[in-house]
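Encoded as structure tokens, here's the structure I'll be asking about.
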Amino acid sequence: MAKGERRVLLVLGDYVEDYEAMVPFQALQAYGVSVDAVCPGMKAGDIYRRAIHQLSPAHQTYSESRGHNFALNATFDDIEFNKYDGLIIPGGRAPEYLALDASVLELVRKFSDSGKPIASICHGQLVLAAAGSVKGRKCTAFPAVRPVLVAASAYWVEPETLLACVVDGNIITGATYEGHPELIRLFVKALGGNITGSERRILFLCGDFMEDYEVIVPFQSLHALGCHVDAVCPKKKAGEICATAVHDFEGDQTYSEKPGHNFTLTADFEALDVSSYDALVIPGGRAPEYLALDEKVIALVKQIVEARKPIASICHGQQILAAAGVLQGKKCTAYPAVKLNVVLSGATWLEPDPIDRCFTDGNLVTGAAWPGHPEFISQLMTLLDIRVSF
């Protein structure tokens, strides 16, 4: 492998937690790391199913619902261990049966014994325990995993919050997906990565039923780099929730929609000092349809444009830009159904072929859909002069 290149392996299975698979998968690619997603018994191109796990004060444990579908990009049986610099094990329900798979455990032991970094989160530590890789190691996990880790002779570290992460040698463990920014940052460091230019303040413009991935992946990816990231929604305050939507293609003429995770806002819309931010990110989904009608939202977007600060907008987010009248003379893309909005606003339409294509025109980054997140985030990083070097 050439100097400066990194390649990591992501071990998955049906009903892995949706965020815990996609956020590291796309964040690391945005930073320039090659990520191979594999599942035992499946080949590149095969589809596996994901689960949304969510805690609620009304219940004693998390709920589960269907998440996105995902196509693997590599074949488990073709893995050549020596080609990889690190391993990621997401949580969800998949680790319950992956921990019984001899080929998975053999692979984990190779990474553990070699000293290559392993990042495991939530229930993923069941696999580490089954492989004998936590004996004598400090680690944390989702609290329900504690008895197994203790029985496997690990030194259990109680997570004070759901953001908790622990490092012991080459083993990095996290409690839940809320701790992704720290887990990913620690993993990048373990891979020999160096982050520069991250002293940036980035604002996310949110709304109910924005697309689940299109808010969480860029939000946590930028936070992992060390950026200060805030999320706001009109008529809502810090600590309040926005519902999200899972948009996916499942054989119909357009995308399907399922309930996504709840997303917690971090700042008050009404108290914003827009001038204190260096960039604006607009997720897609259905939220932009009504946010485009809000005069305060339109004023916010115009203020960012007039200050010549970067805007990154994806999927249906361009409906807001069109309504704000800031696309005139710009070259951009969007989800294909938004083409009419883009063209009527005076922009030049750039066909998203394939759907993960993203484009930069001046201070504007546009993408068509969540499969394009790695390029979408990378292009925004370029505008903000944020770099990850290995």
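The values are calculated or read from the model by the stated rules, or taken from the named source; none is laboratory data. Every value quoted in this text rests on a predicted model; they were computed, and no experiment measured them. FYI the Cβ positions are ideal-geometry reconstructions off the backbone, even for glycines, and counts take in every protein chain you see. These area figures cover heavy atoms from the full protein model, side chains too; ligands, DNA and RNA do not enter into them. Shrake-Rupley method; radii C 1.70, N 1.55, O 1.52, S 1.80 Å.
Place a +1 charge on the Cβ of each Lys and Arg in segment 101-176 and a -1 charge on the Cβ of each Asp and Glu, then give the dipole magnitude about the Cα centre in debye, rounded to the nearest 20.
140 debye
Follow-up question, since we're still on this one. Quantify, in whole percent, the carbon and sulfur part of the accessible surface of segment 297-390 (1.4 Å probe; protein heavy atoms only).
Values: 1900 of 3840 Å².
C and S atoms contribute 50 percent here.
Among residues other than residue 54 whose Cβ falls under 14 Å from its Cβ, what is the net charge (Lys/Arg +1, Asp/Glu -1)?
On the way: positive: 50, 66, 93, 258; negative: 17, 18, 20, 64, 178, 212.
Result for the local shell: -2.
Sticking with this one: On a 0 to 90 degree scale, rounded to 10, what angle separates helix 373-384 from the longest Cα axis of the chain?
Orientation of helix 373-384: about 60 degrees from the principal axis.
If I fit a long axis through the Cα atoms of helix 212-224 and take the longest principal axis of the Cα atoms of the chain, what angle between them do I get, 0 to 90°, rounded to 10?
Taking Cα atoms only, the helix is inclined about 70 degrees.
Where in segment 215-244 does the amide nitrogen come within less than 19 Å of the point 7 Å from the Cα of residue 270, taken along Cα to Cβ?
Answer for this model: 231-242.
In debye to the nearest 20, how big a dipole does the chain give about its Cα centre with +1 on each Lys and Arg Cβ and -1 on each Asp and Glu Cβ?
Result for the chain is approximately 760 debye, rounded to the nearest 20.
Right, something else. Just tell me the longest site-free run in the chain, where the sites are trypsin sites (Lys or Arg not before Pro) in a DSSP loop having at most 15 other beta-carbon atoms within 10 Å.
136-234
Another one. I'd like to know how segment 196-389 sits against the 2.2 N^0.38 Å rule of thumb: what's its Cα Rg over that expected value? Numbers along the way, then the final one.
Details: Rg = 15.2 Å, N = 194, 2.2 N^0.38 = 16.3 Å.
In units of the globular-protein estimate, segment 196-389 measures up at 0.93.
Additional query: What percent do you get for the relative contact order of segment 280-390 when only Cα pairs under 8 Å and 6+ apart count?
24 percent.
Name the residues of segment 1-36 whose amide N is less than 15 Å from a point 7 angstrom out from the Cα of residue 81 along the C-beta direction?
Correct set: 9.
Report, in degrees rounded to the nearest 10, the 0 to 90 angle that the Cα long axis of helix 18-30 makes with the longest principal axis of the chain.
Long axis of 18-30 versus the principal axis of the chain: about 70 degrees.
Hey, if you put +1 on the Cβ of every Lys and Arg and -1 on every Asp and Glu Cβ in the chain, which of 254, 167, 131 ends up farthest toward the positive end of that dipole?
Highest projection toward the positive end goes to 167.
Within 12 Å, Cβ to Cβ, of residue 32, how many net charges do the neighbouring residues add up to if Lys/Arg are +1 and Asp/Glu are -1? Mind showing how you got there, number by number?
Details: positive: 6, 7, 387; negative: 5, 375.
So the environment of residue 32 carries a net charge of +1.
Counting only Cα, what are the radius of gyration and maximum Cα-Cα distance Dmax of segment 5-133, in Å?
When restricted to the Cα atoms of segment 5-133, Rg and Dmax are 14.2, 47 Å.
Another question, then. Calculate what fraction, in whole %, of the accessible area of segment 112-220 sits on carbon and sulfur atoms when a 1.4 Å probe is rolled over the protein chains.
54 percent
So for the chain, taking the charge dipole from beta-carbon charges (+1 Lys/Arg, -1 Asp/Glu), which of 266, 343, 233 sits furthest toward the positive end?
Comparing the listed Cα positions along the dipole, 266 ranks first.
If you compute Rg/Rh (Cα atoms, Kirkwood Rh) for the structure shown, which of [x] 0.97; [y] 1.13; [z] 0.99 do you land on?
Recomputing Rg/Rh (Cα atoms, Kirkwood Rh) here picks out [x].
A follow-up question, please. According to a simple spin-label model (label point 7 Å from Cα along Cα-to-Cβ), what is the distance in nm between residue 290 and residue 96?
If labels sit at residue 96 and residue 290, their model points lie 3.6 nm apart.
On to the next question. State in Å² the accessible area per residue of the chain; use a 1.4 Å probe, count heavy atoms of protein chains only, and round to the nearest integer. Intermediate results must be reported in sequence, preceding the final value.
Values: 15870 Å² over 390 residues.
Each residue of the chain exposes 41 Å² on average to a 1.4 Å probe.
Quick check: the distance between the Cα centres of segment 87-102 and segment 146-204, to the nearest angstrom?
Each part reduced to its Cα centre gives a spacing of 18 Å.
How far is it, in nm, from the label point at residue 307 to the one at residue 106 when both lie 7 Å from their Cα along the line to the Cβ?
5.6 nm
If ligands, DNA and RNA are left out, what is the accessible area of residue 315 with a 1.4 Å probe, given in Å² to the nearest 10?
10 Å²
Rounded, prolate or oblate: which one fits segment 57-207, using the alpha carbon gyration tensor with axes a ≥ b ≥ c (rounded when a/c is under 1.5, else prolate when a/b beats b/c, else oblate)?
rounded
By how many nm would the segment from residue 254 to residue 163 grow when fully extended, if each residue of separation counts as 0.36 nm and the alpha-carbon distance is taken off? Intermediate values should be presented prior to the final figure.
On the way: separation 91, 0.36 × 91 = 32.76 nm, distance 3.60 nm.
Contour length minus Cα-Cα distance gives 29.2 nm.
Here is a further query. Considering only 368, 287, 271, give the residue with the highest GNM mean-square fluctuation for the chain, with springs between Cα atoms whenever their separation is below 10 Å.
In this elastic network of the chain, the residue with the biggest mean-square fluctuation among 368, 287, 271 is 271.
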